[in-house]
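The block underneath contains the structure these notes are about, expressed in structure tokens.
We did not get these values from a lab; they are worked out from the coordinates using the rules stated. Because the structure is a prediction, the values reported are computed rather than measured. Methodologically, a virtual Cβ is constructed for each residue, glycine included, from the backbone with ideal geometry; neighbour enumeration extends over all protein chains shown.
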């Protein structure tokens, strides 16, 4: 029988094994109050995340996840909805401004509440347990695995695209298998080799910027040579339907997604009061400028029909203008998508870990590897969900589906700035933004949440349904304390089985 001495997410003890003959567990319960920095030691040691991220790593995380796959996928989605070159560029500029406004709000939240978990931590602090649980529920069911699947499929598309002639379609099963293998590999890397992962992300960050700069330079040279015909009548046939415009915003915002992900790892950031806002201030203006210029380059070289027909816009761009050097583009873009997926896997696992530490997820997910100081169970759990999400092949449906639900919770997080100003006026705020900034952001997000209801009712309805399904899970799993003995024994058995699986995996790795 499994031991009943398994520790809760708030325990300070290493997980107990059923008898002393077994090797010590490879995962330890994280201390809820997050004491001093330290290392995993003996049974009575508190195990916490190491503060091993500086300003460069913070910038690399933000740029790494923003320059992941969106800019190489979403230009098609934006253009498809607005149907004109001029309106498409305006959407990209407005999405960048909206992201910068939101980032300012997150800088205040991240320095006033220096806890890992990002939106989950801020919603929990402002509005309590149930809204925070529902955000975590939707994140685990929609946001995180969907984004991982999109990034994995984008990486697979750019790797395989050069091997297929334009009339031939890449087999769906090939895309899914390569994406699944990539997600599993990066999960393994983030589980056991954190230092290698952060160094890799620093290097890939510069590769991503180089890829986009190459696209921009080539596009500008093309325009300077007089090829400006694609910009004749830039606003002709512009779509003015508010619903279509909001869906275009969602595609653009997806490309900027990630500006708030450094907040998920605040507890691992050295000097977060300085490095968190600095990383945001450096990253967002740089991203906005590069994105607008990259889209100008795409639109200058490719016609609207060529962009809408392509599933890998940067590859199509390179094939048309670079000739024999076109292979450079898919290689650099694949590296970019690979790095973005790695960053997203790393950061999102911290949200799952913090939720479990607060009792909102199974206790096993709140544990940390005593060898690598990573939330190993959370990483494996999210890897499994991401692979399940790969069965959905239309990435644009996934983008719309995840963005609508996530926008509501981002709006809720930013509204916490206004809420805390009213309820906690004396709260320590190392960074304090003007009230109009969160107010504007909340109003715009409200528009983006409400308007698509009549344009994409199925996606909105499914997002609301999944959110509501989380309510009974909250009351059964979190609120209901006096569970029947048989149910507690079942939970203990499942937890113990998970422990044994991790132990077996670790032993095999060492052998």
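Apply the a/c threshold of 1.5 to the C-alpha gyration tensor of segment 270-325 and tell me whether it is rounded, prolate or oblate. Kindly include the intermediate steps, with their values, before the conclusion.
Working: a/c = 3.59, a/b = 2.97, b/c = 1.21.
Taking the square roots of the gyration eigenvalues as a ≥ b ≥ c, segment 270-325 is prolate.
How many nm separate the modelled label positions at residue 419 and residue 453, each set 7 Å beyond the Cα in the direction of the Cβ?
For the pair residue 419/residue 453, the computed spacing is 2.1 nm.
So if I take the centroid of the Cα atoms in segment 273-324 and the same for segment 421-440, what is the distance between those two points in Å?
Cα centres, segment 273-324 to segment 421-440: 34 Å.
Take peptides 194-202, 273-281, 457-465 and line them up by average Cβ neighbours within 10 Å, highest first, as a rough protection proxy.
Those peptides, ordered most packed to least, come out 273-281, 194-202, 457-465.
Considering every pair of different Cα atoms, what Kirkwood radius, in Å, is found for segment 52-480? Before the final figure, lay out each step's value.
Values: mean 1/r = 0.0460 Å⁻¹.
Kirkwood hydrodynamic radius for segment 52-480: 21.7 Å.
Which order do the peptides 291-303, 89-101, 331-343 take when ranked by the mean count of other beta-carbon atoms within 10 Å per residue, highest first?
Result, highest mean first: 331-343, 291-303, 89-101.
Just subtract the alpha-carbon distance of residue 56 and residue 281 from 0.36 nm times their residue separation and send over the number in nm, one decimal. Kindly include the intermediate steps, with their values, before the conclusion.
Working: separation 225, 0.36 × 225 = 81.00 nm, distance 1.26 nm.
Between residue 56 and residue 281, full extension yields 79.7 nm more.
Quick check: pseudo-label points 7 Å beyond the Cα along Cα→Cβ at residue 237 and residue 195, how many nm apart are they?
Between residue 237 and residue 195, the simple spin-label model gives 5.7 nm.
Arranged from highest to lowest average of other beta-carbon atoms within 10 Å per residue, in what order do the peptides 407-419, 248-260 appear?
Working: 407-419: 22.2, 248-260: 25.6.
Descending packing order for the listed peptides: 248-260, 407-419.
Taking only Cα atoms of segment 78-127, what ratio of Rg to Rh do you get with Rh as the Kirkwood inverse-distance radius? Walk me through the numbers before you get to the answer.
Working: Rg = 15.9 Å, Rh = 12.9 Å.
My calculation of the ratio gives 1.23.
Rank the residues 319, 271 as a footprinting-exposure proxy: fewest other Cβ atoms within 10 Å of their Cβ go first. All intermediate terms of the calculation are to be shown ahead of the outcome.
Details: 319 18, 271 11.
Least to most surrounded, the residues fall as 271, 319.
Points 7 angstrom from Cα along the Cβ direction at residue 213 and residue 168: gap in nanometres?
3.6 nm
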